[in-house]
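Following: one structure in structure tokens, then a few remarks.
The values are calculated or read from the model by the stated rules, or taken from the named source; none is laboratory data. No experiment lies behind these values; they were computed from the predicted model shown. All Cβ positions, even for glycine, are placed from backbone atoms using ideal geometry, and neighbour counts span all protein chains on display.
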Amino acid sequence: MSRPIRIGVQLQPQHAPDYGLIRDAVLRAEDAGVDIVFNWDHFYPLSGDPDGEHFECWTMLGAFAEQTERVEIGALVTGGGYRNPDLLADMARTVDHISGGRLILGLGAGWFAKDYEQYGYDFGTPGSRLALLKDYLARISSRLEVLNPQPTRQIPILIGGGGERKTLRLVAEYAQIWHSFSNLDVLEHKSAVLAEHCATVGTDPDQIERSVAWPGADKAQAFVDAGVSLFTVGTSGPKYNLDGVVEAIRWRDERSPEAVLGPA
């Protein structure tokens, strides 16, 4: 299945002492031509000063929704275990409406122990966090069906991770986008595993968009050949350097001049 190439930017909400720096980065990213503006769902920086400046994910997504006009927005990804899943579905529906139907609901099992421990959540084990993610996905899907008013569209669900037995099964059951953290060889293998799960649950694997971090213009085509169509460049505060974003957009536009908003 041929999809338009899309470029995302993850504006990591760390080391920005003034939210205005993030607001400016969102504006610059949309003006540069990105397709999606992501943040992440952590409570502390993941690099640099571990106790440095940091802002909360979903409050920020509401601001992104009001500030932007064209780009899709979302978390790469929302951590499992931080919020009641029915409430999270309602939050997603609300941001969907604020944005005029531009939210991507990114979800993952969670992994950063400090987030859980400092905010009073049970960190558990990898297995318990995956079980919680499975419960979240079922409850989010059920809640979205009964909210009034309904979301403006079927909110695309992005699942990040690559566990072959559990995570990829959840991707097959629930996701429209799969974000992999793998290198090319592993990605190709896991795509084959995902296809097997899709066959089991009756999902067309070609309907699930493949997403990875931007590997550079010299390597991106190999990922496209492996089925990837969404590339995301990460950048942190306080400067939010968008040089890598500009490179990725230039490569996208040279390859497919008419970029299309939203999953194909």
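Figures for the structure shown
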{"read-out": "Within the stretch 65-149, helices (runs of 4 or more DSSP H) holding 3 or more residues that are among the β-branched types (V, I, T) and at pLDDT 95 or above", "value": "85-99"}
{"read-out": "Complete set of residues in the stretch 195-217 that are within 18 Å of the chain's Cα centre (by Cα) and assigned to a helix (DSSP H, G or I)", "value": "Q207"}
{"read-out": "Some residue of the stretch 30-37 being in contact (Cβ under 8 Å) with a residue 60 or more places away in the chain, within 27 Å of Y119 (Cα to Cα) and either under 19 Å from the mean Cα position of the chain (by Cα) or surrounded by 15 or more Cβ atoms within 10 Å (Cβ to Cβ) (or both)", "value": "no"}
{"read-out": "Some residue of the stretch 115-122 being in contact (Cβ under 8 Å) with a residue 12 or more places away in the chain and of a type in the set (G, A, S)", "value": "no"}
{"read-out": "Considering residues of the stretch 188-214 that are free of Cβ contacts under 8 Å to residues at least 24 places away in the same chain and within 23 Å of F231 (Cα to Cα) only, the residue surrounded by the most Cβ atoms within 10 Å (Cβ to Cβ)", "value": "A195"}
{"read-out": "One residue from F112, F43 being within 22 Å of S236 (Cβ to Cβ), in contact with a helix residue (DSSP H, G or I) (Cβ under 6 Å, 6 or more places away or on another chain) and not β-branched (V, I, T)", "value": "F43"}
{"read-out": "Selection status of L144, surrounded by 19 or more Cβ atoms within 10 Å (Cβ to Cβ) and either closer than 26 Å to E69 by Cβ or in contact with a helix residue (DSSP H, G or I) (Cβ under 9 Å, 6 or more places away or on another chain) (or both)", "value": "yes"}
